[in-house]
Amino acid sequence: MKNRERKNREQSDAVLVVGAGIGGMGAALLLAEAGFQVHLLDRAPSIGGSQPLLDRTFPTNSCGLCFMSPLPPAYCPFIECDRHPNIHLLPYAEVEGLEGEPGRFQVTIRQKARYVDPARCDGCGACAAVCPVEVPRELGEGLETRKAIYRPYPQAVPNAFLIDMAACTRCGECLEVCQPGAIDFEQEDELRQLEVGAVLLSPGFAPFDARAKGEFGYGLYPNVLTSFQFERMLSLTSPSGGLPQRPSDGKTPRRIAFIQCVGSRDPAHGRGYCSSVCCMYATKQAMLARERAPESRVTVFYMDMRTFGKGFDRYLERAEGEYGIEYRRSMVSAVKQVPDSQNLRLSYVAEDGRPREEEFDLVVLSLGFVPPAGTDALARLGFDLNEHGFCHTDEFSPVETTRPGVFVAGAFREPKDIPDTVAEAAGAAAQVAAFLQAAVR
């Protein structure tokens, strides 16, 4: 009895959630409300994952992120996680090692240097105003630029700047104007140790690299965009104010083509799986484009429309009936630029089997999901990956990895949309809670 009591006292009821996107934030809030101490870690400088990119989500064309919180009415989950007393944020950090046993893990965390002290930074932006260096901005895959000293997005959590030392020239201009004295060029990475009882992995996904599909001209023709760039363009906070525009001349495109399954269902590029969300987010973007530019005509080239979620079929019917979006069952074989107009000529085989060519003002490549950056390093913690590089789980234990005490949720297990991610994160949080409660009995 005494040995069991001593062992129980050594068990930790804290949880490390790796990845602070929609799934990680949802799981963290649920566990925190259940009374567990949660360390919410993300390798990005701020929490939120891909959510800051989205103005609207399908199939409601609303934001709706607040509805995922366990105690509505609620603030945005970014704010809820920042305010919750049981959640401890660890942005701009990575897991270096995981030792020990389930219920008593020792985790080594690398806290990356920001070169700006978040405790002292007041977010005034004076530093960015004088910074002479501009580089492509990560939000929206380089559709716009940012400074070498920057805040990831205006409502970032934490609301502090950081310095991209790969771009910084150390000119010292930011030091001169920083009144709080928050900038420290000599800051270094720090290693930290955490004791947790369980780990929940939710690092999300990365978009497929469209440059691997050279036949579509991405990176060569200015009016070929990825769906992530177009998503940013349609945001009301984008440089275009949410209006679709041709990057080459700023004009409103009158003919827009979406090419589906770029990096999905493509065994030749090692991506033989369906990413499950591309049909729906392309439909949402097409609807928004028609709302913002009613004179535009939108055509979606697809292999199969996979609208399997709740309300998805009705959403597709609405896109066709109310918005006049045209769906063509055909895979585009090549995109070529017309020299004088910089329009884009698409070559494809129509449903009648005949080869066709058609000209468009703007082309959007609907990118599939691939495993997130840092997956191989994360897998060294002792769990298996599947043949596609996502986290391997058993068919009847979908939120358990191959290492006991380490759980998984969201797109890192397999590509999925926001509703499925939130649901799976809730299931994973319940499994973690049950596991920790059983460990201390």
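Give me the pairs: first residue in the range 28-39 and at positive phi, second residue surrounded by fewer than 24 Cβ atoms within 10 Å (Cβ to Cβ) and not in a helix (DSSP H, G or I), beta-carbon distance under 9 Å, and six or more apart or on different chains, which are they?
As it stands, the answer is Gly35/Asp13; Gly35/Asn86, since those pairs meet every condition given.
Count, please, the residues in the range 310-345 that happen to be within 19 Å of Tyr281 (Cβ to Cβ), surrounded by 18 or more Cβ atoms within 10 Å (Cβ to Cβ) and either of a type outside the set (Ser, Thr, Tyr) or not assigned by TED's automatic domain parsing to the domain that holds Leu220 (or both).
5
Answer yes or no as to whether Ser276 is outside the structural domain of Asn86 (by TED's automatic domain parsing), under 30 Å from Pro404 (Cβ atoms) and in contact with a helix residue (DSSP H, G or I) (Cβ under 9 Å, 6 or more places away or on another chain). Break it down into steps so the answer makes sense when it comes.
Working: outside the structural domain of Asn86 (by TED's automatic domain parsing): yes; under 30 Å from Pro404 (Cβ atoms): yes; in contact with a helix residue (DSSP H, G or I) (Cβ under 9 Å, 6 or more places away or on another chain): yes.
Yes: the conditions hold for Ser276.
Are any of the residues in the range 403-421 among the hydroxyl-bearing types (Ser, Thr, Tyr) and without any contact (Cβ under 8 Å) to a residue 12 or more places away in the chain?
Keep residues of the range 403-421 that are among the hydroxyl-bearing types (Ser, Thr, Tyr), which gives 421.
From what's left, without any contact (Cβ under 8 Å) to a residue 12 or more places away in the chain: none.
Taking every residue of the range 403-421 in turn, none turns out to be among the hydroxyl-bearing types (Ser, Thr, Tyr) and without any contact (Cβ under 8 Å) to a residue 12 or more places away in the chain.
Among residues belonging to the range 216-241 that are touching a Ser or Thr at 6+ places or on another chain (Cβ under 7 Å) and more than 16 Å from Tyr153 (Cα to Cα), point out the one that is surrounded by the fewest Cβ atoms within 10 Å (Cβ to Cβ).
Start the filter on the range 216-241 by keeping residues that are touching a Ser or Thr at 6+ places or on another chain (Cβ under 7 Å), which leaves 218, 222-223, 227, 232-233.
Applying the additional criterion that residues be more than 16 Å from Tyr153 (Cα to Cα) yields 218, 222-223, 227.
Working: Tyr218: 21, Pro222: 14, Asn223: 24, Ser227: 25.
Looking at residues that are touching a Ser or Thr at 6+ places or on another chain (Cβ under 7 Å) and more than 16 Å from Tyr153 (Cα to Cα), I get Pro222.
Please go through (1) under 18 Å from Ala319 (Cβ atoms); (2) out of contact with any Cys (no Cβ under 8 Å at 6 or more places or on another chain) for Leu243 and return the number of the only condition it doesn't satisfy.
(1)
Condition check: acidic (Asp, Glu), free of Cβ contacts under 8 Å to residues at least 24 places away in the same chain and outside the structural domain of Ala433 (by TED's automatic domain parsing). Does Asp352 satisfy that?
yes
Please enumerate the residues belonging to the range 279-295 that are surrounded by 19 or more Cβ atoms within 10 Å (Cβ to Cβ) and among the small types (Gly, Ala, Ser).
Once the filter is applied, which keeps residues that are surrounded by 19 or more Cβ atoms within 10 Å (Cβ to Cβ) and among the small types (Gly, Ala, Ser), the range 279-295 yields Ala282, Ala286, Ala289.
Take the residues in the range 329-345 that are in contact with an Asp or Glu (Cβ under 8 Å, 6 or more places away or on another chain) and assigned to a loop (DSSP other than H, G, I, E, B); name whichever of them is modelled with the lowest pLDDT.
Ser330
Please go through (1) at pLDDT 95 or above; (2) over 29 Å from the mean Cα position of the chain (by Cα) for Val440 and return the number of the only condition it doesn't satisfy.
Only one criterion in (1) at pLDDT 95 or above; (2) over 29 Å from the mean Cα position of the chain (by Cα) is unmet by Val440, namely (1).
Any residue in the range 43-50 that is among the β-branched types (Val, Ile, Thr), closer than 19 Å to Gly374 by Cβ and surrounded by 21 or more Cβ atoms within 10 Å (Cβ to Cβ)? Steps first, answer last, please.
Our first condition is that a residue be among the β-branched types (Val, Ile, Thr); within the range 43-50, this holds for 47.
Okay, now just the ones that are also closer than 19 Å to Gly374 by Cβ, so 47.
Those left that are additionally surrounded by 21 or more Cβ atoms within 10 Å (Cβ to Cβ): 47.
Within the range 43-50, one or more residues are among the β-branched types (Val, Ile, Thr), closer than 19 Å to Gly374 by Cβ and surrounded by 21 or more Cβ atoms within 10 Å (Cβ to Cβ).
Working carefully through the options Glu295, Glu291, find the one that is out of contact with any Leu (no Cβ under 8 Å at 6 or more places or on another chain), among the acidic types (Asp, Glu), farther than 18 Å from Ser330 by Cβ and outside any helix (DSSP H, G or I). I'd like the intermediate steps shown before the answer.
Details: Glu291 fails: outside any helix (DSSP H, G or I).
None of the other options fit; the residue is Glu295.
Every residue in the range 156-177 that is crowded, with 22+ Cβ neighbours inside 10 Å, farther than 28 Å from Phe230 by Cβ and not aliphatic (A, V, I, L, M), please.
Cys174
Please list, ordered by first then second residue, the pairs with beta carbon atoms under 7 Å, 6 or more apart or interchain, first in the range 377-391 and within 11 Å of Thr402 (Cα to Cα), second aromatic (Phe, Trp, Tyr) and in a loop (DSSP other than H, G, I, E, B).
Listed pairs, sorted by first residue: Cys391/Phe383.
The values are calculated or read from the model by the stated rules, or taken from the named source; none is laboratory data. The structure displayed is predicted, hence computed values, not measured ones. Counting neighbours? That spans all protein chains shown, and the Cβs are built from the backbone with ideal geometry, glycine included.
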